[in-house]
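Just so it is clear, none of the values below were taken in a lab; they were calculated from the coordinates. In this text, all values refer to a predicted model and were calculated from it rather than measured experimentally. In this analysis, Cβ positions are derived from the backbone assuming ideal geometry, glycine residues included, and neighbour counts consider all displayed protein chains.
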Amino acid sequence: MIGRVDLESHFDIRFHASMETPLLLMLRPRACEHQWISQDEFHLSPIVTIREYQDVHGNRCQRIMVPAGHCRIHGMARVAVPLHPAIDQTLSFTPVEQVPDAVIPYLLPSRYCESDRLDELAWRIVGDAPSGYAQVKRIVDWISEQIAYRPGEGHELISATEVYSRGYGVCRDLAHLGVGLCRALSIPARFVSGYLHELEPMDLHAWFEVWLGEHWHAFDPTQEGKGGDRLVLGVGRDGADVPIFHQFGPPLKVESMTFSVSRVP
């Protein structure tokens with residue numbers, strides 16, 4: 001891998017379950033051509049059986065049954081990722097009839113990215129910009145200027161249209177709006193969850209990727225122009241596809257959650 005950087009991520013989640021509860025987790029790095037995983041640790045206390053599978057988006061998902069009482073899930077990973085990959089600003093739009101079958105789901109409306117309700121807004125934003133990269137750049141710039149980024153205020157999942165009406169949101173919300181606006185222009189877009197080096201305040205982060213020039217490219221309306229090395233945990237149609245954990249049963253009492261990422265010397 002040319003121009004790479006090694007990142008080391010850590011997570012620690014502690015909670016209390018009122019009864020035995022099945023959990024679906026997405027806490028291990030995504031294995032893909034742009035990420036080389038050299039170390040990956042995953043620990044649970046108390047010790048329970050873990051079963052892992054790959055979902056339809058290619059994400060690594062863990063299934064566990066946690067007993068009633070206190071539980072801790074923690075781990076780390078060391079991953080080589082591209083060093084601030086530059087995006088070719090001449091990348092053009094891919095006609096829908098030429099989009100690969102596997103990319104088609106990222107053209108369609110989804111629960112939190114209602115692209116079928118955003119077409120008028122999307123065309124107003126891009127104006128006369130050439131199709132492709134220039135349109136996506138105008139969308140990212142518009143979100144950065146018009147939608148306030150307020151980290152720490154996102155306790156509920158809201159949709160792209162709700163973010164637009166509200167006028168502010170967390171990284172997840174602004175990513176949903178970016179995805180919805182791109183899809184409204186028939187540009188495939190997908191939601192991404194992961195780590196961003198030097199994010200302030202440090203936490204898990206969300207951005208989006210668009211399909212241009214036969215590849216996926218990252219865009220980030222909350223960190224535009226700030227660079228940063230990214231470690232991807234999962235991708236999906238929207239945030240519902242890439243939760244940190246999904247519980248089935250009574251709500252868990254989350255006692256603490258910490259996430260961090262740093263460069264490996």
To check my understanding: the extent here is largest minus smallest coordinate of the Cα atoms along each principal axis. What are those three numbers for the range 175-265, in Å, largest first?
43, 40, 20
Using a Gaussian network for the chain with springs between C-alpha atoms less than 10 Å apart, which of these wobbles most: Leu177, Leu233, Leu252?
Leu252
Over all directions, how big on average is the projection of the convex hull of the alpha-carbon atoms in the range 62-137, in square nanometres?
9.9 nm²
log10 I(q)/I(0), Debye, Cα-only the chain, no solvent, q = 0.07, 0.09, 0.11, 0.14 Å⁻¹?
-0.25, -0.41, -0.61, -0.99
For the ranges 112-118, 207-213, 101-107, what's the packing order if you count other beta-carbon atoms within 10 Å of each residue, average per peptide, and put the highest first?
207-213, 112-118, 101-107
Note, Pro201: beta-carbon cut-off 13 Å, +1 each Lys/Arg, -1 each Asp/Glu, net -3
Across every pair of different alpha-carbon atoms, what Kirkwood hydrodynamic radius in Å does the range 168-219 reach?
11.6 Å
Log10 I(q)/I(0) at q = 0.32 Å⁻¹ for the range 197-242, from Debye over equal alpha-carbon scatterers, is -1.38
Taking the convex hull of the Cα atoms, report for the range 96-241 its projected area averaged over all directions, in nm².
8.1 nm²
Beyond 26 Å, what share of the Cα-Cα pairs of the range 1-120 remains, rounded to the nearest whole percent?
46 percent
Lys/Arg Cβ at +1, Asp/Glu Cβ at -1, dipole of the chain taken about the Cα centre: which of Ser38, Ser144, Tyr112 is farthest positive-ward?
Ser38
Cα-based Rg of the range 120-201 normalised by 2.2 N^0.38 Å, two decimals:
1.09
Would you be so kind as to identify which of Phe208, Val235, Pro265 lies farthest towards the positive end of the dipole of the range 189-265, taking Lys and Arg as +1 and Asp and Glu as -1 on Cβ and the Cα centre as origin?
Val235
